[in-house]
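Report on the structure given below.
Just so you know, all these numbers are worked out from the coordinates, no wet-lab data involved. If you're wondering where the values come from, they're calculated on a predicted model, not measured in any experiment. No Cβ is skipped: glycine too gets one built from the backbone with ideal geometry, and neighbour counts run over all protein chains shown.
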Amino acid sequence: MTEENFGTALRADRASMGFTQEEFCSALSKYTGSVVQQQALARWEQGAIPHYSSRLNLFEFLKHAFALRDIESEVLKLGFPESTKNKKNVDELLKIINDQTSEISKLKDVIWTLLK
């Protein structure tokens, strides 16, 4: 899935629901309990991938809304979009944590030596 595909699919889903961007945001916010601004939706429709928690809320809302209408969501057909920003796999993050832990340990040894 590309970001453009996501934006196009989201715009198509909103249009098939008959919502303006503000109406869609209002319905999404009521369903999820978290506020979604029209500007954020506009960015998503241009291809920006929402943050993880917003994606979860959006997908839950679309599942619910399209199940009620008994039609398929274009976004749900694409699958759950992965963020393209700041991608780091678990191994890279664990390496960073291990490196920092090692540095902290060395600093502790230096501080204890100085305090003695």
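Modelled spin-label separation between Leu94 and Ser16, with each label point placed 7 Å from Cα along the Cα-to-Cβ direction: 4.0 nm. Please label the shape of region 1-69 as rounded, prolate or oblate, based on the square roots a ≥ b ≥ c of the eigenvalues of the alpha-carbon gyration tensor (a/c under 1.5 means rounded; beyond that, a/b larger than b/c means prolate, else oblate). Judged from the Cα gyration tensor, region 1-69 comes out rounded (a/c under 1.5). Over all other residues within a Cβ to Cβ distance under 14 Å of Ser16, the charged ones net out to -2, with Lys and Arg as +1 and Asp and Glu as -1.
So for each of 10-18, 50-58, 98-106, 27-35 I average, over its residues, the number of other beta carbons within 10 Å; can you give me the resulting order with the highest mean first?
Sorting 10-18, 50-58, 98-106, 27-35 by mean packing, highest first, produces 10-18, 50-58, 27-35, 98-106.
Between Glu60 and Thr113, full extension at 0.36 nm per residue minus the direct alpha carbon distance yields a gain of 13.5 nm. Listed values for region 54-60 are Karplus-derived 3J(HN,Hα) couplings in whole Hz (6.51 cos²θ - 1.76 cosθ + 1.60, θ = phi - 60°), namely 5, 5, 4, 4, 4, 5, 5, and x replaces Gly and Pro.
Would you mind getting me the FRET efficiency between Lys30 and Ile71? Use the beta-carbon distance for r and R0 = 25 Å, nearest 0.05. So, using R0 = 25 Å, E works out to roughly 0.75.
When only Cα pairs below 8 angstrom with a gap of at least 6 residues are kept, the chain shows a relative contact order of 28 percent. Our coupling estimate for region 70-78, obtained by passing each phi through the Karplus curve with A = 6.51, B = -1.76, C = 1.60 and θ = phi - 60°, is 6, 10, 8, 8, 5, 5, 5, 5, 6 Hz, Gly and Pro reported as x.
For the chain, please report how many Lys pairs fall under 16 Å Cα to Cα, leaving out neighbours fewer than 8 apart on the same chain.
So the count of such lysine pairs works out to 5.
Hydrodynamic analysis of the chain uses the Kirkwood radius over alpha carbon pairs. Inserted into Stokes-Einstein at 20 °C and 1.002 mPa s, it gives a translational diffusion coefficient of 128 µm²/s.
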